[in-house]
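Student: One structure follows; several queries about it will come next.
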Amino acid sequence: MKYVQKLILPVLIVAAVLLIYNIYFSPKKGLGSFSDFDPNNSAVKDIRVKIVAERGFERTSQGGAQFYAADKNNSVIAINADKVPEGIESSQIVTLRGHMSQNNSFHAHDVLLE
């Protein structure tokens with residue numbers, strides 16, 4: 001009986017940690033929303049978006065690119081990426097790591113392919 005009593009608290013702690021991880025830290029399956037970003041805040045966060053290939057894709061001389069992406073609300077925003085991986089033109093969904101700019105565009109420090 002004492003063994004069971006000693007086991008209850010660790011089991012409850014592990015269950016609480018797993019619950020918190022599943023709610024707050026597990027990766028989301030769907031697209032993100034640009035409205036979650038504050039243009040006055042330059043904190044770098046991740047967002048999953050769909051590339052809008054019809055609006056064009058321009059590479060810059062510094063290894064970056066300018067393109068358009070849509071979020072879960074179908075808001076289309078211009079993306080200014082510092083660097084982009086090879087094969088991004090053929091990708092449909094990417095993860096952007098960056099922040100919103102004052103001119104209603106997204107500055108991506110890093111682009112991750114799915």
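Student: Contact list please: Cβ distance under 6 Å, first residue in region 42-70 and over 16 Å from V94 (Cα atoms), second residue of a type outside the set (D, E) and not in a strand (DSSP E or B), pairs at least six apart or on different chains.
Tutor: Once the first residue is over 16 Å from V94 (Cα atoms) and sits in region 42-70, its partners that are of a type outside the set (D, E) and not in a strand (DSSP E or B) give G63/K83.
Student: Can I ask one more? Determine whether region 60-74 contains at least one residue that is of a type in the set (K, R), out of contact with any Cys (no Cβ under 6 Å at 6 or more places or on another chain) and more than 12 Å from V111 (Cα to Cα).
Tutor: yes
Student: Looking at this structure, is Y24 within 16 Å of S101 (Cβ to Cβ) and out of contact with any Leu (no Cβ under 7 Å at 6 or more places or on another chain)?
Tutor: When the stated conditions are applied, Y24 does not pass them.
Values quoted throughout were computed directly from the atomic coordinates according to the rules given, and no laboratory measurement underlies them. Remember, predicted model here, so these are calculated numbers, not experimental data. Counting neighbours? That spans all protein chains shown, and the Cβs are built from the backbone with ideal geometry, glycine included.
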